[in-house]
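Below is one structure, written out as structure tokens; the observations come after it.
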């Protein structure tokens, strides 16, 4: 549900903007409002799962997500729509880390990489289904696209009855209240400043938001080093693979979120495609992930994760470079499809080994927290890149309604995304151990 909803929202943006007469900043917050609360609270969701039971917290998240989706579908104004998306993010923060943590606790370490690969592949179904189903529904009414979460939630809760429960028996009962305040404050300040800057420039409110965000982020790091029960234990970051992989996650998911955001707008407003056609354009990428992600997970288990991740990252650089060459009115077969196929191949090679390695770098009893940290990094990356991209490519206000302006901004954005991936590849090449393993190291307990 969490991934499906993100893709549906991207396809629906032009119609939401037309219905509410919203500017670009308002549309950014339809995406970023959801990502803000998700990224801010996902560590709390992982920690609660470790303490109270991963299946239980996951079920809370699924039910809450369905309720918030109904509120999203019924929102009468852009402001209330953003508020409902904020609530969706809260629920998503409970369910997202739980899914991986339950896999981690349920499978033997020799089988985990293939299980995570299968998990990654099923995300391909959501990524494929979101644009197609969402595009079709958005063509009727964008509100209908959010109702789809209700039957999905009902099915998931029914299936969850037989899932095994797991928790960390030694989890501390303390709550890191300063982190609960500082993390959302840092992300809100930074994303608000980046989103407002194209329209307002260095106005006092925008500069104040930026200063608050930077100060809160700095205070978060300092606090986590000194509190008794830190939400993000500093000891995890002493593992080189854990630190490098999370930095790579920041680059990869930032580029992926930014590219999907601008691609959906570009194909509709510059190329003139329908929402359904724009959504269907990325289906080959998702189909490839569904069939190949688990296989590359097996390759990483046998030969180490470093090779597949380097190959996958390099392929993504080429994919974004290819998409950046598309004109205002592209041919799908020759100018969009090759880049989409390369994206699917690159993500298939990269995502499962990346996820498996970051979980393997943490002890078993912190699997929920490690999953939450990695998910928080990926969502934070999307939040900041979507907020920053319009600023760096010169898109603001109602520019998103002008086809040639959108086309130019799209091409610039794709080159920026390729650059982010290239930084991630260099980090992997220099920082990862030669035989970075997706199998878990012995638990120090």
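Checked against (1) under 22 Å from residue 356 (Cβ atoms); (2) buried (at least 21 other Cβ atoms within 10 Å of the Cβ), residue 103 meets all criteria but (2). Please pick out the residue among 59, 66, 93 that is in a helix (DSSP H, G or I), crowded, with 24+ Cβ neighbours inside 10 Å and touching a helix residue (DSSP H, G or I) at 6+ places or on another chain (Cβ under 8 Å). From the options 59, 66, 93, the qualifying one is 93.
Kindly provide the set of residues from segment 18-29 that are closer than 22 Å to residue 384 by Cβ, assigned to a helix (DSSP H, G or I) and over 16 Å from the mean Cα position of the chain (by Cα), ordered by number.
Filtering segment 18-29 down to residues closer than 22 Å to residue 384 by Cβ leaves 22-29.
Checking which are assigned to a helix (DSSP H, G or I) leaves us with 24-29.
Once the filter is applied, which keeps residues that are closer than 22 Å to residue 384 by Cβ, assigned to a helix (DSSP H, G or I) and over 16 Å from the mean Cα position of the chain (by Cα), segment 18-29 yields 24, 25, 26, 27.
Within this structure, residue 326 passes the test of being at pLDDT 80 or above, in a loop (DSSP other than H, G, I, E, B) and surrounded by 20 or more Cβ atoms within 10 Å (Cβ to Cβ).
Evaluated against (1) farther than 22 Å from residue 416 by Cβ; (2) free of Cβ contacts under 8 Å to residues at least 60 places away in the same chain, residue 355 falls short on exactly one condition, (2). Surrounded by fewer than 19 Cβ atoms within 10 Å (Cβ to Cβ) and under 19 Å from residue 379 (Cα atoms) - does that describe any residue in segment 76-83? Yes, segment 76-83 has at least one match.
Going residue by residue through segment 300-311, is there one that turns out to be surrounded by 20 or more Cβ atoms within 10 Å (Cβ to Cβ), under 20 Å from the mean Cα position of the chain (by Cα), in a helix (DSSP H, G or I) and at pLDDT below 80? No, the conditions are met nowhere in segment 300-311.
Residue by residue through segment 182-206, note down the ones that are exposed (fewer than 15 other Cβ atoms within 10 Å of the Cβ) and in a helix (DSSP H, G or I). Residues satisfying the conditions are 204, 205.
Out of 11, 44, 31, report the one residue that is buried (at least 24 other Cβ atoms within 10 Å of the Cβ), in contact (Cβ under 8 Å) with a residue 40 or more places away in the chain and in contact with a helix residue (DSSP H, G or I) (Cβ under 8 Å, 6 or more places away or on another chain).
On the way: 44 fails: buried (at least 24 other Cβ atoms within 10 Å of the Cβ); 31 fails: buried (at least 24 other Cβ atoms within 10 Å of the Cβ).
The match here is 11.
Is segment 159-170 home to any residue that is modelled with pLDDT of 85 or more, over 20 Å from the mean Cα position of the chain (by Cα), buried (at least 16 other Cβ atoms within 10 Å of the Cβ) and farther than 23 Å from residue 391 by Cβ? No, every residue in segment 159-170 fails to be modelled with pLDDT of 85 or more, over 20 Å from the mean Cα position of the chain (by Cα), buried (at least 16 other Cβ atoms within 10 Å of the Cβ) and farther than 23 Å from residue 391 by Cβ.
Being in a helix (DSSP H, G or I), in the same structural domain as residue 41 (by TED's automatic domain parsing), modelled with pLDDT under 75 and under 21 Å from residue 263 (Cβ atoms) is true for just one of 134, 121, 117. Which residue is that?
Details: 121 fails: under 21 Å from residue 263 (Cβ atoms); 117 fails: under 21 Å from residue 263 (Cβ atoms).
Answer to the check: 134.
The values are calculated or read from the model by the stated rules, or taken from the named source; none is laboratory data. On a predicted model such as this, the values are computed, not experimentally measured, just so you know. As a convention, Cβ positions derive from the backbone with ideal geometry for all residues, glycine included, and neighbour counts pool all protein chains shown.
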